[in-house]
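**Student:** My structure is below; once you've seen it, I'll send some questions.
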Amino acid sequence: MGNSPVLLTVDQVSLNFGRVQALSHVSCDVREGEILAIIGPNGAGKTSLLNCISNFYKPTKGRILFEGRDLTKTKPSQIAGLGIARTFQNIALYTGLSTLDNLMAARHIHMKSGMLACLAYWGFAHREDLRHREVVEEIIDFLEMEAIRKTVVGALPHGLRKRVELGRALALEPKLLLLDEPMTGMNQEEKEDMARFILDAHELRGVTLVLIEHDMGLVMDIADRVIVLDFGRKIAEGTPEEIRTNPEVINAYLGQEHI
Amino acid sequence: MTILRPAGEFDESYAYDMATIRRPWQWAALGLLLLALYTLPLYGSQSMVSLVNRIAISIIAVQGLNLLTGYTGQISLGQAAFMTVGGYISALLMIHLNWSFLLTLPAAALGAGLVGLIFGLPSLRVKGFYLAMSTLAAQFIIPWFTRNAFRDALNGAQGINVPVPVIFGIEFNTPQRYLYLTITILIITTIVASNAARSRLGRAFVSVRDNDLAAELLGINPFKYKLQAFFLAAVYAGVAGSLMAHHLRHINSETFNLTDSVLLLGMLILGGLGTNLGPFLGAAAVELLIELATLAGPFVSTYFPAAAGGVQALRPLFFGFTLMLFLIFEPRGLAHRWQLIKASWRLRPFAR
């Protein structure tokens, strides 16, 4: 794993909101095919880092390179086209659309029908819809969402919405998938299901994963490498085993008295 | 709401699953409905035919507004202004260049669409109520323009007389004949609107409405699709405006006014935002309500002579009150009620 090429480089990124330093000089690499976990206490800057990568925020300083391209100089709507997808901490689905249409909407960048083709529909746009429907159905099968295919997402419970959001991100066929707390608010069983889906997506679809998660046991189980943030600084980086025994991490994250 | 299917009906292909009209009886019902509409002049009274004409034209305008406000989530109070643009363009091209209606209608649509595009530009920066206010500007600027600019051609506040459309030698000079025109165009606009809704375009529209930030990260440029929605809405308004102008044979700056813009938005909300059925139900309900309020006038004055003087004032009162009750008891629109009725029919006899 250590030898695979670098997919994403975060180079000395700082992010300020006024005088609040959300991130200061954070650097890290994401290697192709790995699962990288970002952990840290609340307000450590984990989501800020993800937002910088997905171009939601513009870093005050530093560069973010994805396959050699500087993301800080790219428009937000072009990020998906480069092969980066993400999910959100507070689920950002299209609540008025069905599960199926949410996934179909994510095929947008892979489809070509323009306005006139869509208005005429029969012919090119129809055939294109059918083609992409097959891709989407594969993901629906994969995530076991057949039963909720035509249910409007607004009517789904939290756990299923999280799964639909993962499905929507996978429908983009990304190279890099950013997951912001994919398991918040889930019970043990749902968490295990989700972990299985994430690992399957990683293995079967070859997606590189960056995930933020608070469940330590889970992070230690599935991550290849872990980055620890605290007050906007990176305080440690290494394999789960190294992180588990790193005194600074124990001090900052788990608390001095804990272990 | 779970999707309920009649027992024994299976989707054997994605194409069948995606089809709008699925069963033979649905084709038959559609055929009967169209037959009833096209033969209406044979058995319907003049006023009834006129009413259907008016409803059909309103539906077209509301369909456009539905693409913009219902699907894309951009509130617009300028739909009637774009109808004015369409009406004038169509009339002027016919008067001065002697174009056929078959050419002036698309020209009116395109012209109105381009003007709509201009008034869609603020949507880059403003949302919600603020955008509604900026579309309101169209409602002031365009009528002002027709009153004050090019007085030779537009004839100021008096407006201009609009010629009768002639297609293949047939003069559409009576409401009965005009009905064939409006229904045919309504069929086309309905097909186009439903195509827009179910395709890549419609999904992009709803993405922008439901979560424009997520849409952007999924590769959908919100501004691009907002502009396309503004364009399409104005194209529909242009078609409706042109049809109405040729129907009334006269157009001035007040033919389509702010009240009409509000009314069109009211029709859409009443019918159901973001549904294909909404514009039909909403436009029909509101036009019928207006008709009913007008009919109620003489009735009131016959039986309550003392109130006769106030009847004119009662009409908007009756109309506004009914609309209010509708919104309280049917806030998600008539189309949603129709969905519920269908669902309970399929669950019969287990649901009431």
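**Student:** Cβ-Cβ below 6 Å, separation at least six or inter-chain, first residue in the stretch B:152-165 and open to solvent by less than 60 Å² (accessible area, probe 1.4 Å), second part of a loop (DSSP other than H, G, I, E, B): which pairs?
**Tutor:** As it stands, the answer is B:Gly159/B:Asn252; B:Val162/B:Arg249; B:Val164/B:Asn173; B:Pro165/B:Phe172, since those pairs meet every condition given.
**Student:** Take A:Ser113 and decide whether it is crowded, with 16+ Cβ neighbours inside 10 Å, assigned to a loop (DSSP other than H, G, I, E, B), at the interface with another protein chain (Cβ under 10 Å from one of its Cβ atoms) and among the hydroxyl-bearing types (Ser, Thr, Tyr).
**Tutor:** Considered against the rule, which asks whether it is crowded, with 16+ Cβ neighbours inside 10 Å, assigned to a loop (DSSP other than H, G, I, E, B), at the interface with another protein chain (Cβ under 10 Å from one of its Cβ atoms) and among the hydroxyl-bearing types (Ser, Thr, Tyr), A:Ser113 comes out as yes.
**Student:** Taking helices (runs of 4 or more DSSP H) that do not extend beyond the stretch B:13-105, which have at least 1 residues that are in contact with a strand residue (DSSP E or B) (Cβ under 9 Å, 6 or more places away or on another chain)?
**Tutor:** So the answer is B:79-96.
**Student:** Now a separate question. Considering only the stretch A:90-102, I want to know if a residue exists there that is in contact (Cβ under 8 Å) with a residue 60 or more places away in the chain, among the charged types (D, E, K, R) and in a helix (DSSP H, G or I).
**Tutor:** Checked against the condition, which is being in contact (Cβ under 8 Å) with a residue 60 or more places away in the chain, among the charged types (D, E, K, R) and in a helix (DSSP H, G or I), the stretch A:90-102 yields no hits at all.
**Student:** Say we look at the stretch B:205-221 and pick out the residues that are touching a residue at least 12 places away in the same chain (Cβ under 8 Å), closer than 10 Å to A:Tyr94 by Cβ and of a type outside the set (Asp, Glu); which of these is most open to solvent (accessible area, probe 1.4 Å)?
**Tutor:** Ranking the candidates gives B:Arg209 first.
**Student:** Based on what the data block shows, is B:Leu292 more than 13 Å from the chain's Cα centre (by Cα) and either surrounded by fewer than 22 Cβ atoms within 10 Å (Cβ to Cβ) or under 20 Å from A:Ser98 (Cβ atoms) (or both)?
**Tutor:** So B:Leu292 passes the test.
**Student:** Go through the stretch B:118-164 residue by residue and tally those that are assigned to a loop (DSSP other than H, G, I, E, B) and either within 23 Å of B:Leu264 (Cβ to Cβ) or touching a strand residue (DSSP E or B) at 6+ places or on another chain (Cβ under 7 Å) (or both).
**Tutor:** 5
**Student:** Moving to a separate point now. Taking the options A:Asn90, A:Asn55, A:Asn42, name whichever one is on the phi > 0 side of the Ramachandran plot and open to solvent by 10 Å² or more (accessible area, probe 1.4 Å).
**Tutor:** A:Asn55
**Student:** Quickly run through the stretch B:43-53 and pick out the residues that are closer than 9 Å to B:Thr182 by Cβ and open to solvent by 10 Å² or more (accessible area, probe 1.4 Å).
**Tutor:** Listed by number, the list holds a single entry, B:Val52.
**Student:** In the stretch A:70-88, what count of residues is obtained for those that are farther than 15 Å from A:Cys52 by Cβ and of a type in the set (S, T, N, Q)?
**Tutor:** Final tally of qualifying residues: 3.
**Student:** Please go through the stretch A:130-154 and pick out each residue that is buried (at least 19 other Cβ atoms within 10 Å of the Cβ) and either modelled with pLDDT under 90 or in a loop (DSSP other than H, G, I, E, B) (or both).
**Tutor:** Residues satisfying the conditions are A:Leu143, A:Met145.
**Student:** Would you point out the residue of the stretch B:168-196, among those that are touching a Phe, Trp or Tyr at 6+ places or on another chain (Cβ under 7 Å) and open to solvent by less than 20 Å² (accessible area, probe 1.4 Å), that is farthest from B:Thr39 (Cα to Cα)?
**Tutor:** Once the filter is applied, the top-ranked residue is B:Asn195.
**Student:** Can you list residue pairs whose Cβ atoms sit under 9 Å apart, with the first residue in the stretch A:64-87 being more than 8 Å from every other protein chain (Cβ to nearest Cβ) and farther than 21 Å from B:Lys224 by Cα and the second being of a type in the set (Val, Ile, Thr) and assigned to a loop (DSSP other than H, G, I, E, B)? Count only pairs 6 or more apart in sequence or on different chains.
**Tutor:** If the second residue must be of a type in the set (Val, Ile, Thr) and assigned to a loop (DSSP other than H, G, I, E, B), the pairs left are A:Phe66/A:Thr74.
The values are calculated or read from the model by the stated rules, or taken from the named source; none is laboratory data. All of these numbers come straight from a predicted model, not from anything done at the bench. When we count neighbours, we look across all protein chains shown, and the Cβ atoms used for this are built from the backbone with ideal geometry, even at glycine. Please note that ligands, DNA and RNA were not included when accessible areas were found on the heavy atoms of the full protein model with its side chains. Shrake-Rupley method; radii C 1.70, N 1.55, O 1.52, S 1.80 Å.
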